[in-house]
Amino acid sequence: MGELLRLLRRRDHLLNPTTVKTTVACPVLAQLLSAQLRWAKLLLTAALTGVCCSQGTVTEIASFPSGAGPSHHAVDLFGITVFTVYDDVWRTDGSASGTFQLAARSTVGLSSEVFVRMGDHVYFTNWTAAVGEELWRTDGTVAGTGMVRDYLPGAASTQPRQMTPIGRYLVFSGQTPPSGGIEVFVSDGSFSGTQLLRDILPGASGSSPSGFVSLGDRAVFTANDGVHGREFWITDGTPAGTSMVADLVPGSNGISAASLGVVGRRSLWMQGAYSNVELLTTDGTAAGTMSLHQWPVQLSSATPLTGFVEASGRSFFCVGIYHGSSATSFDLWSTDGTPAGTVGHGEIWPAAYRPGNPTPRLWALGAQLMYERETAAEGREPWIFDPATSQSSLVADFAPGTASSKVGDVVFRNANQAIALVSLSGPQTAWTIDPSGVTPPVALRADVDSLIPVGERYVWFVGQDGVSGYEFWRTDGTATGTHRVGGEAVVGAQGIWVDDAVLSGGKLIVFGDRRVAYNSYAVGPVVWAVEPGGHTVPLGDVGAGGYGVTKLSSDDPVLGATMQLRLEELGPAPLFAITFDAYSNRATWLNSFWFYSDLTAPQVLGWNVTSNGAGDLSVALPATPSLAGTRLLMQGFGLGVSQWRASNGLLLVAGN
């Protein structure tokens, strides 16, 4: 740890141009050479204690009785997966002995709040007759699972809602003492650090904060202070850092905005309904809070603005236009977060009555956008929109003629490849799609479902071969690279039905049921652990530090190959460093960022100058079979700037 801190503390010294010039030659090479020696030593040490496993091995680690309901809220806690069964909180490390209940939860008075990871804990709500519904957390152990604070003593409930992590703080809305209303709360995970953040509107009415959106180290939301009406507010988790952003609509009426998503570092909101629907944005500053566009026509009451996805630095979405007699058409729009950059791209679904109010679906495929378009000639089929040229092209007329296909799961792999499930009227077929449009789609396997991306090389799915039932398959995007993975989840012709899957600690944790037929399964949740081979797993969030949105990614760590590490969005940082450590399920808050290590022996793998806001580092892995299953933690940092640039963590699992 000493070496890491010494290097990171030198960031101000490294800002000096003379220092940069003299430290980027021989010293860097020496640093890299010594790092390679430490890397090899750590690999060998980890191999002695790691688990060397057979790729594709499937193990049933838990099953639950009929009526328990499916597993929900599965969250990876750095090697421990926290999940619920019939609302009770469970955990698994991928083994039968490491799968057990952490806390019982009563369904009485309990909300459906999702579980939230912050640092090395998962936060959730729990209700008991003695204390009501309060904030709880777990570190994946029984001893480390419990209530954070009974803020309203006795049976009264704080009722935490909209839990949103920002740096080291969890902000949420909650009930103030019995005479008060709903206000903003904050927790750092401790008893004393769980408190009312700001009583924006004292009294029984309360400010009713809603729509919390994380913008890295801050969260934006709406609240009513009783004077300005409902307006945008911003918080950094401290009372002094919690304030109204701008009085966008002067007077006491305020806005009535619903959160839609984020583009870049700006949040998007919809204001109004039916006529004069307006798209708003705020980055948490008065200058960055504005109206982007207002539609003068009447929009659909059920689906006015939908389907927000980000591609090429723009947020794409659909605008539903009402034509009377329950008929709705849909236009494709996009925004870069500015009024001038908010534009329409034409109609993609003509006006028609559609039972159930379906909407076009959008998928980001790197720099391209795939969307569902409906035409008289091809019916409803997937199309590709190129933001660089504003041109659209048909992916394929999967259902020839005027019939329509239906696209299911889609996994983007690279600029030339995405895997998509497409059905006509029955089971789905896996296809490889080229987002660039250079090569036509290629059918990989029929009668499949449940795409699961595993690392950079493979996408796993569930398929059947007519003998073993529905079992795990994987593909590299080619027909020859698509095959069954060894091992059966369910022996015989039955197979597996997947509800959810999480990469956790080097294993793929799968939640599902025993399958009877294509669209039929037995009742009673089952949990399986699968050994997926060499892969990477991002830990925490992009922009793990208090500043920036730095992202660390890597090729899969294949033994005998060269692995490429890449840091992106380093901003003005002139230098970067990448650290590594043996695997740990701990995260430590260091001043302004989460450090994904238990601080036992982190080392600097290498550092160098950045190029166009990015940094690359190549590492050769030894071709040593005993290293399969070795787990290492990586994290990247931007150096030489006044504010930290810390990336997400990255778990590397070595294999073939």
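Quick one: which strands (runs of 3 or more DSSP E) sit completely within the range 588-636 and have at least 1 residues that are open to solvent by less than 20 Å² (accessible area, probe 1.4 Å) and more than 24 Å from R168 (Cβ to Cβ)?
603-609, 615-620
Kindly provide the set of residues from the range 335-363 that are among the small types (G, A, S), out of contact with any Asp or Glu (no Cβ under 6 Å at 6 or more places or on another chain) and part of a strand (DSSP E or B), ordered by number. Full working, then the answer.
Going residue by residue through the range 335-363, those that are among the small types (G, A, S) are 337, 340-341, 344, 346, 351-352, 356.
Remaining after also requiring out of contact with any Asp or Glu (no Cβ under 6 Å at 6 or more places or on another chain): 337, 340-341, 346, 351-352, 356.
Answer for the range 335-363, where residues must be among the small types (G, A, S), out of contact with any Asp or Glu (no Cβ under 6 Å at 6 or more places or on another chain) and part of a strand (DSSP E or B): G346, A351, A352.
Has the range 160-167 got any residue that is modelled with pLDDT of 90 or more, over 25 Å from S504 (Cβ atoms) and among the charged types (D, E, K, R)?
Checked the range 160-167: at least one residue is modelled with pLDDT of 90 or more, over 25 Å from S504 (Cβ atoms) and among the charged types (D, E, K, R).
So if I check each of I419, I433, which one is in contact (Cβ under 8 Å) with a residue 60 or more places away in the chain, at negative phi and surrounded by 19 or more Cβ atoms within 10 Å (Cβ to Cβ)? Break it down into steps so the answer makes sense when it comes.
Details: I419 fails: in contact (Cβ under 8 Å) with a residue 60 or more places away in the chain.
When all the criteria are applied, what remains is I433.
Please go through the range 293-323 and give me each residue that is within 28 Å of D236 (Cα to Cα), in a strand (DSSP E or B), out of contact with any Gly (no Cβ under 6 Å at 6 or more places or on another chain) and open to solvent by 10 Å² or more (accessible area, probe 1.4 Å), ordered by number.
Answer for the range 293-323, where residues must be within 28 Å of D236 (Cα to Cα), in a strand (DSSP E or B), out of contact with any Gly (no Cβ under 6 Å at 6 or more places or on another chain) and open to solvent by 10 Å² or more (accessible area, probe 1.4 Å): V309, E310, R314.
Using beta carbons and a limit of 6 Å, which pairs, at least six apart or on different chains, have the first residue in the range 77-96 and farther than 19 Å from L508 by Cβ and open to solvent by 20 Å² or more (accessible area, probe 1.4 Å) and the second one hydrophobic (A, V, I, L, M, F, W, C) and modelled with pLDDT under 95?
Within 6 Å, the pairs are Y86/A68; D88/A104.
Inside the range 177-211, can you point out the residues that are among the hydroxyl-bearing types (S, T, Y) and open to solvent by 10 Å² or more (accessible area, probe 1.4 Å)?
Correct list: S179, S190, S192, S205, S208, S210.
Hey, could you check the range 415-467 for residues that are among the β-branched types (V, I, T) and touching a Pro at 6+ places or on another chain (Cβ under 6 Å) and say which is farthest from M370 (Cα to Cα)? Walk me through it before giving the result.
Let us first name the residues in the range 415-467 that are among the β-branched types (V, I, T), namely 419, 422, 429, 432-433, 438-439, 442, 448, 452, 454, 459, 462, 467.
Imposing the further condition that a residue be touching a Pro at 6+ places or on another chain (Cβ under 6 Å) reduces the set to 433, 454, 459.
Numbers: I433: 10, V454: 22, V459: 19 Å.
The residue in question is V454.
For the range 250-279: of the residues being in contact (Cβ under 8 Å) with a residue 60 or more places away in the chain and in a loop (DSSP other than H, G, I, E, B), which is least open to solvent (accessible area, probe 1.4 Å)?
Among residues in the range 250-279 that are in contact (Cβ under 8 Å) with a residue 60 or more places away in the chain and in a loop (DSSP other than H, G, I, E, B), the one least open to solvent (accessible area, probe 1.4 Å) is G264.
Looking only at the range 366-377, how many residues end up being open to solvent by less than 40 Å² (accessible area, probe 1.4 Å), touching a strand residue (DSSP E or B) at 6+ places or on another chain (Cβ under 7 Å) and not aliphatic (A, V, I, L, M)?
Looking only at that region, the number is 4.
Provide a single number: the residues in the range 398-407 that are at pLDDT below 95 and assigned to a strand (DSSP E or B).
Here the count works out to 0.
Please work out which one of (1) within 28 Å of the chain's Cα centre (by Cα); (2) under 20 Å from L305 (Cα atoms) is the condition T429 fails and give its number.
Failing condition for T429: (2).
Name the one entry in W363, W349 that is open to solvent by 30 Å² or more (accessible area, probe 1.4 Å), at pLDDT 95 or above and aromatic (F, W, Y).
Result of the check over W363, W349: W363.
Filter the range 605-641 down to the residues that are among the hydroxyl-bearing types (S, T, Y) and in contact (Cβ under 8 Å) with a residue 24 or more places away in the chain, then identify the one that is nearest to S504 (Cα to Cα).
T630
Would you please name the residue that is nearest to the chain's Cα centre (by Cα), looking only at residues in the range 380-397 that are under 13 Å from M370 (Cβ atoms) and part of a loop (DSSP other than H, G, I, E, B)?
Ranking the qualifying residues of the range 380-397, first place goes to P387.
Can you name the residue in the range 380-390 that is within 23 Å of A351 (Cα to Cα) and at pLDDT 95 or above and, of all such residues, is most open to solvent (accessible area, probe 1.4 Å)?
R380
I'd like to know if the range 401-414 contains one or more residues that are open to solvent by 20 Å² or more (accessible area, probe 1.4 Å) and at positive phi.
yes
Would you confirm whether or not the range 216-232 contains a residue that is free of Cβ contacts under 8 Å to residues at least 12 places away in the same chain and under 29 Å from the mean Cα position of the chain (by Cα)?
no
Just to be sure I understand, how many residues within the range 467-481 are among the acidic types (D, E) and open to solvent by less than 20 Å² (accessible area, probe 1.4 Å)?
The qualifying residues number 1.
Residues that are open to solvent by less than 40 Å² (accessible area, probe 1.4 Å) and at negative phi: list the strands (runs of 3 or more DSSP E) wholly contained in the range 99-173 that include at least 3 such residues.
121-128, 132-138, 161-166
The values are calculated or read from the model by the stated rules, or taken from the named source; none is laboratory data. All of these numbers come straight from a predicted model, not from anything done at the bench. For neighbour counting, all protein chains shown are included, and Cβ atoms are generated from backbone atoms with ideal geometry for every residue, glycine included. With ligands, DNA and RNA removed, areas are computed over all heavy atoms of the protein, side chains included. Shrake-Rupley method; radii C 1.70, N 1.55, O 1.52, S 1.80 Å.
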